[in-house]
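Everything below concerns the one structure shown next.
The values are calculated or read from the model by the stated rules, or taken from the named source; none is laboratory data. These numbers come from a predicted model, not from an experiment. Neighbour counts run over all protein chains shown; Cβ positions are idealised from the backbone, glycine included.
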Amino acid sequence: MRGGTDGSRHTELVSDFESFSSTRDRRAHTCAAVVLAAGLGSRYEGETHKLLAPFRNKPLVQWALEAALGAGLDATYVITGAVDITDAVPEGVVVVENHNYADGQATSLRTAAAVAAADGHEAFVVGLGDMPLVPASAWKAVAAAEGQLVTATFSGRRSPPVKIVEDLWSLLPLSGDEGARSLIRMRPDLLTELACEGELIDIDTRGDLSRWS
């Protein structure tokens, strides 16, 4: 009787291990896109939050969301906080609220890692909601590039989107206004740079919006 019980237990353990291995194998091939859009946007002195300000006939944040979604990765998330951007979110983008957004961009990056882990992704590519002229091709290229830490470059300058693999998520800062840049500074030995098409602009002020609209 004891032998039979042990044998059954062994079978269960083997089955569980095979299931775990299968899950890991699937996760090794999944990468999510994440747009950070939780900040206060305090430098923008307009009638609305800068992410909802009109930029070339649609809300500013919608450009980044459509680009991330257009890359065709395994999932697309937007991390929100200071303002409700629901009306600007395209179908297919999952909204995730960061309740600690006031503690800086790092908390949004941590939120991104948490949701990616919960949904079984091995990596995510992160970009910013106030960078409207980064095209889907840049998101897709960064996601497909080999390496644990991959950043786009535009005319030789590093900028999001940045790919971060699961093994590095524990190194992300806990608070403050630095996100992937802090990780790049910490582990430059892991960094891969990838030249991408697009324009490196971010919209911080009303002047920025006027200049590029």
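Key figures
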read-out: Whichever residue in the range 104-121 is touching a helix residue (DSSP H, G or I) at 6+ places or on another chain (Cβ under 8 Å) and among the hydroxyl-bearing types (S, T, Y) and, among such residues, is nearest to L174 (Cα to Cα); value: T107
read-out: The range 126-155 residues that are farther than 16 Å from V35 by Cβ and outside any loop (DSSP other than H, G, I, E, B), paired with ones that are at pLDDT 95 or above and of a type in the set (S, T, Y) (beta carbon under 6 Å, 6 or more apart); value: V150/T192
read-out: Number of positions in the range 174-195 that are outside any helix (DSSP H, G or I), aliphatic (A, V, I, L, M) and at pLDDT below 90; value: 1
read-out: Considering residues of the range 42-89 that are surrounded by fewer than 20 Cβ atoms within 10 Å (Cβ to Cβ), among the hydroxyl-bearing types (S, T, Y) and not in a helix (DSSP H, G or I) only, the residue modelled with the highest pLDDT; value: T48
read-out: Which numbered condition A112 fails, given (1) over 15 Å from the mean Cα position of the chain (by Cα); (2) closer than 18 Å to A37 by Cα; (3) touching a residue at least 60 places away in the same chain (Cβ under 8 Å); value: (1)
read-out: Residues satisfying the stated conditions in the range 54-84, i.e. out of contact with any strand residue (DSSP E or B) (no Cβ under 6 Å at 6 or more places or on another chain) and hydrophobic (A, V, I, L, M, F, W, C); value: F55, L60, W63, A67, A82, V83
read-out: Residues of the range 155-181 classified as surrounded by fewer than 19 Cβ atoms within 10 Å (Cβ to Cβ) and closer than 15 Å to I201 by Cα, total; value: 4
read-out: Residue check for V142: touching a helix residue (DSSP H, G or I) at 6+ places or on another chain (Cβ under 8 Å) and among the β-branched types (V, I, T); value: no
read-out: All positions within the range 126-157 that are in contact with a Pro (Cβ under 7 Å, 6 or more places away or on another chain), β-branched (V, I, T) and over 25 Å from P54 (Cα atoms); value: V142
read-out: Candidate set from the range 3-41 (those that are part of a helix (DSSP H, G or I) and among the aliphatic types (A, V, I, L, M)); member that is modelled with the lowest pLDDT; value: L13
read-out: Candidate set: the range 182-193, residues that are within 18 Å of R110 (Cβ to Cβ) and of a type outside the set (V, I, T); chosen: the one surrounded by the fewest Cβ atoms within 10 Å (Cβ to Cβ); value: R185
read-out: Within the range 156-196, considering residues that are free of Cβ contacts under 8 Å to residues at least 40 places away in the same chain and of a type in the set (A, V, I, L, M, F, W, C), the one farthest from V34 (Cα to Cα); value: M186
read-out: Filter pass, D130 being among the charged types (D, E, K, R), touching a strand residue (DSSP E or B) at 6+ places or on another chain (Cβ under 9 Å) and under 22 Å from I184 (Cβ atoms); value: yes
read-out: Test: residue in the range 173-190 that is hydrophobic (A, V, I, L, M, F, W, C), more than 26 Å from W63 (Cβ to Cβ) and in contact with a Gly (Cβ under 8 Å, 6 or more places away or on another chain); value: yes
read-out: Only listed residue being crowded, with 19+ Cβ neighbours inside 10 Å, in contact (Cβ under 8 Å) with a residue 24 or more places away in the chain and either touching a strand residue (DSSP E or B) at 6+ places or on another chain (Cβ under 7 Å) or over 27 Å from A53 (Cβ atoms) (or both), chosen from A117, A123; value: A123
